[in-house]
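Input: a single structure, listed below in structure tokens.
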Amino acid sequence: MPPLYYLSQEKWRSFLSLLEKDYQIYLPQITGEKGIPCEFGKGLPKADFKLAKYVSSKISELTFNPYRTIEPLKTFYTFPKEKLTSVDREERVAIIGIKNCDLFSLKIQDYVFLKGVVSDPFYKKRRENTLIISGDCSAFKEVCFCLGMEINPFPEEGFDLNLSFLDDGFLIESGSQKGEEIIEKGRDIFPLASAEKISLREKKREEIVRKLSEHINLHNLPPLKTLQKIVKEGFDSPIWQEEALRCVECGGCNFSCDTCHCFLLSEDRFGSAHEQVRLWDACLYANFAKVAGGANPLRYRYQRLRNRYLKKFDFFPENVGLVACCGCGRCIEVCPAKIDIRNVLRKLSIECGIERV
Amino acid sequence: MENPYQPIKAVVEDIILETSTIKTFVLRPEKELSFQTGQFIELSYPGWGEGPFTPSSDPWVKEKIEVTIMNVGRLTSKLHLLNVGEVVGIRGPYGKGYPLDRFVGKDILIVGGGVGLAPLRSLLFSLFSEMDKYNKVVLRYGARSPKDIVYKDSLPRWGKKEKVDVVVTVDVGEGNWKGNVGLVTTILKDLPLEINNAVAVVCGPPIMMKFSTLKLLDLGFKHKDIYLSMEKNMSCGLGKCGHCRLGKYYVCRDGPVFNYENIKDIHDIWD
């Protein structure tokens, strides 16, 4: 195991000043309490966290998010709308408070934008210019179900630095060359962590896994290894139509999704010239698959809802060996029609005759 | 930095009127653009968008590229208004074309419908230039009516070539049409070829591809000997934007030419 260091709460600001020299820091801030109340009455936290630009003089109180922020991590790499003319020098960004669900999703986004026929230069540049400082989850929202996707609520890879919140400070761990360098520079801020602190982290990790497992059990989520089978066998299921009846085609599930990556190349007028732009697209939109001449293989809403699940649980496992769902629950939180991916999967699995083991 | 979304410019050198709704554009790209037959390009006009088209010209000709386009939507309506000398944008080529190496020594049946003959013309040029490699080329083409037939001058010429057999049909006869009348499936009989040593290539509207494929299976063609050109709304062409998913494939990346064996179990492939 790589060495673990300790960052006390008093040294938190020194750590930020160290980062600030090279990076624009984004830090989680509380924005409100719109979260969904738990239907099982567990009294889970509802506060929402959002990543905000850190300006040292303006922030008096520092918070550390116990669970993921409301915006998906992808918002740092692709934008709802962006010009595709040249890769401008993008600022170097350090994002603090990324959780393991987001880190998992980054694997999907990386596959899409870095691998394949050609890598996307815009994504690549931003990816290179970003420092990811992740953190263990110390709580979860009602909608969280990462463990159902076999993703732990604490990061083990894919970060530059990881922070594990203990009661009076953090354990800090590097996961990359970039992270290594920061640890080097800040050796006077972080001493090596004591064995007690390390075992405290283990205890906390075990505890969150236990609590989250209990919560997910209440939702009866079908096992990960059955998901591809149930979405394929459920192709003609009436469940898609039942669920899609409520869909208002807002595209919220797509846009808030950490792994959804679809975009549309289009143009915008800038003065007298047309320039290429890229827009996030949503497969729940009526014209997503429409072609000139009018044919539309995803003509009906239920087909588009089903398409989303097939993409996540069939296309990606076939192509990457991973499901494109990290269990962050953002799509559940954002859906005005209360279409809940956990319910859809559970209903499909029951119909398909797979009982939860 | 290489920007894969940035088109190169191409000048419209000539415009050939094929039918009242179909034109062939002869384009000269600012940089040489070489493609394999069956691959597609993204063609754009500023302010009118971008769309996928499969070149209809001979892939051996590098400095020019021809695209046969039907006026059906926003972009194509603008393209149909272009004059010689105007400039369009091109990206590509993208995807996988026809696997010519698997056609060597075979009888090749080519079934086209409507403007679907465009990519097939490029394939025919490729085959004609190395005809000694192949046994025989059998072309069966269906258009809606005599006035909807594309490449009117070329079809009879191709039919006169050695080892090439061409039959054309129209859905509805008009005027002094004395040829075949009926859907393209009606001329898929008594084919002058050895089905056990043949491959079939189909391109046309989805409904035509569906029934032609069923007919070919009836005739005894094996799944793996049928090649289909699938069309979806490929936007990026690079396997990233997600619009052209077909089961576990992206049409832009894994197609647009597919072996029927690989896609036959995917739901709704003809939609």
Counting only helices (runs of 4 or more DSSP H) entirely within segment A:222-273, those with at least 1 residues that are touching a helix residue (DSSP H, G or I) at 6+ places or on another chain (Cβ under 8 Å) and among the small types (Gly, Ala, Ser) are A:239-244, A:252-256
Q.
It is to be established whether one or more residues within segment B:171-185 are more than 24 Å from residue B:127 (Cα to Cα), touching a Phe, Trp or Tyr at 6+ places or on another chain (Cβ under 9 Å) and not in a strand (DSSP E or B).
A. yes
Of (1) within 10 Å of another protein chain (Cβ to nearest Cβ); (2) touching a residue at least 60 places away in the same chain (Cβ under 8 Å), residue A:220 satisfies every one except (1)
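Can you tell me which residue among A:271, A:293 is at the interface with another protein chain (Cβ under 8 Å from one of its Cβ atoms), surrounded by fewer than 19 Cβ atoms within 10 Å (Cβ to Cβ) and over 23 Å from the mean Cα position of the chain (by Cα)?
A:293 is the lone residue from the list that is at the interface with another protein chain (Cβ under 8 Å from one of its Cβ atoms), surrounded by fewer than 19 Cβ atoms within 10 Å (Cβ to Cβ) and over 23 Å from the mean Cα position of the chain (by Cα).
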Inside segment A:76-110, the number of residues satisfying the requirement of being open to solvent by less than 50 Å² (accessible area, probe 1.4 Å) and either without any contact (Cβ under 8 Å) to a residue 12 or more places away in the chain or within 14 Å of chain B (Cβ to nearest Cβ) (or both) is 9
Checking A:117, A:143 in turn, the sole residue that is within 14 Å of another protein chain (Cβ to nearest Cβ) and at pLDDT below 95 turns out to be A:117
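Would you say residue A:343 is open to solvent by 10 Å² or more (accessible area, probe 1.4 Å), in a helix (DSSP H, G or I) and either within 19 Å of residue A:241 (Cβ to Cβ) or touching a residue at least 40 places away in the same chain (Cβ under 8 Å) (or both)? Lay out the reasoning, then the answer.
Working: open to solvent by 10 Å² or more (accessible area, probe 1.4 Å): yes; in a helix (DSSP H, G or I): yes; either within 19 Å of residue A:241 (Cβ to Cβ) or touching a residue at least 40 places away in the same chain (Cβ under 8 Å) (or both): yes.
Considered against the rule, which asks whether it is open to solvent by 10 Å² or more (accessible area, probe 1.4 Å), in a helix (DSSP H, G or I) and either within 19 Å of residue A:241 (Cβ to Cβ) or touching a residue at least 40 places away in the same chain (Cβ under 8 Å) (or both), residue A:343 comes out as yes.
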Review point. Looking at this structure, is residue B:76 open to solvent by less than 30 Å² (accessible area, probe 1.4 Å), hydroxyl-bearing (Ser, Thr, Tyr) and more than 12 Å from chain A (Cβ to nearest Cβ)?
Key: no
Inset, instruction - Evaluate segment B:171-178: report whether one residue or more is touching a residue at least 24 places away in the same chain (Cβ under 8 Å) and among the basic types (Lys, Arg). - result: no
| query | Do we find that residue A:254 is within 12 Å of chain B (Cβ to nearest Cβ), of a type outside the set (Ser, Thr, Tyr) and surrounded by 15 or more Cβ atoms within 10 Å (Cβ to Cβ) in this structure? | reply | yes
Looking for something at pLDDT 95 or above and part of a loop (DSSP other than H, G, I, E, B) - is there at least one such residue anywhere in segment B:108-122? no
Next item on the list: Evaluate segment B:110-122: report whether one residue or more is of a type in the set (Ser, Thr, Tyr), buried (at least 20 other Cβ atoms within 10 Å of the Cβ) and not assigned by TED's automatic domain parsing to the domain that holds residue B:35.
Entry: yes
Within segment B:9-52, residues open to solvent by 30 Å² or more (accessible area, probe 1.4 Å), within 13 Å of another protein chain (Cβ to nearest Cβ) and closer than 17 Å to residue B:82 by Cβ come out as B:21, B:45, B:46, B:48, B:50
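The values are calculated or read from the model by the stated rules, or taken from the named source; none is laboratory data. Bear in mind that the values here come from a model prediction, so they are computed numbers and not experimental data. Virtual Cβ from ideal backbone geometry, glycine too; neighbours counted across all protein chains shown. Only protein heavy atoms, including side chains, enter the accessible area calculation; ligands, DNA and RNA are left aside. Shrake-Rupley method; radii C 1.70, N 1.55, O 1.52, S 1.80 Å.
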